[in-house]
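Enquirer: Quick one: this structure, given as structure tokens, is what I'll be asking you about.
The values are calculated or read from the model by the stated rules, or taken from the named source; none is laboratory data. What you see is a predicted model, and the numbers here were worked out from it, not measured in a lab. Methodologically, a virtual Cβ is constructed for each residue, glycine included, from the backbone with ideal geometry; neighbour enumeration extends over all protein chains shown.
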Amino acid sequence: MNNSVTNTVRLLGAGLRALLVLTLVTGVIYPLVVTGIAQGLFGNKANGSEIKADGKVVGSSLIGQQGYSPKYFQSRPANGLGTNSVNTRYKLILSGATNLSADSGVLLKQVEDAKAKVVKDNSVPGYTVKPADVPADAVTSSGSGLDPAISPEYAELQVHRVAAKNGLPVDRVEKLVKDHTTGRTLGFIGEPQVNVLELNIALKDLVAKK
């Protein structure tokens, strides 16, 4: 009987010690080491790929924002997010696609309405946008609805409007787009793209200097 109690106590003690050691290793030491490495080598990415302007965090390079004024470059549509009181420009909590099929009448109307708006908004004196010029990403939302980038074609389509609204020469705005166009990853993965938030921050700085 005494041996049984002694063995039980010994096993419980060993289990408790193992619990404490594993808690210390996996719950304290390991997270601190991983966090330290991440902060030391990939600080910006570890903190959410934050983008700052005027000393303040204005967003993330990984999350698109909606609601830019006509003076700025516009992002892709975010139809999958719907209308709600949870998502705000700087506090995006929900994400999602429209889940509409390719033959959906609702999707077709969304695309047609978006194309008409792009043509109307970006046609300025001396420059008329044709429906055939509107790229797919200008009228369709991404799978998450939070795509931070647009195609160079969509950015270039907006150049004349942005230049006119801000009183800038078209060639300077075109150069701004080219300077913020990134190519395919490793030269073959993905497509060239333009981060809208980063482009708009550079545009704001350009307008301030004119």
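Enquirer: What are the residues in the range 96-133 that are under 20 Å from Gly64 (Cα atoms) and in a loop (DSSP other than H, G, I, E, B), if any?
Expert: Gly96, Ala97, Thr98, Asn99
Enquirer: Something else now. Which condition number does Asp137 fail, the rest of (1) surrounded by fewer than 18 Cβ atoms within 10 Å (Cβ to Cβ); (2) part of a helix (DSSP H, G or I) being met?
Expert: Just one mismatch for Asp137, condition (1).
Enquirer: Looking for something assigned to a helix (DSSP H, G or I), within 25 Å of Gln158 (Cα to Cα) and at pLDDT below 85 - is there at least one such residue anywhere in the range 58-79?
Expert: Looking for residues that are assigned to a helix (DSSP H, G or I), within 25 Å of Gln158 (Cα to Cα) and at pLDDT below 85, one finds at least one in the range 58-79, hence yes.
Enquirer: Any idea which of (1) on the phi > 0 side of the Ramachandran plot; (2) surrounded by 10 or more Cβ atoms within 10 Å (Cβ to Cβ) is the one Arg10 doesn't satisfy?
Expert: That leaves (1) as the condition not met.
Enquirer: Mind listing just one residue for me: the one in the range 171-191 that is at pLDDT 95 or above and under 18 Å from Ala138 (Cβ atoms) and, of those, surrounded by the most Cβ atoms within 10 Å (Cβ to Cβ)?
Expert: Within the range 171-191, the match that is surrounded by the most Cβ atoms within 10 Å (Cβ to Cβ) is Val173.
Enquirer: Here is a further query. Can you tell me which of (1) in a helix (DSSP H, G or I); (2) among the aliphatic types (A, V, I, L, M); (3) surrounded by 17 or more Cβ atoms within 10 Å (Cβ to Cβ) is the one Leu168 doesn't meet?
Expert: Status for Leu168: all satisfied but (1).
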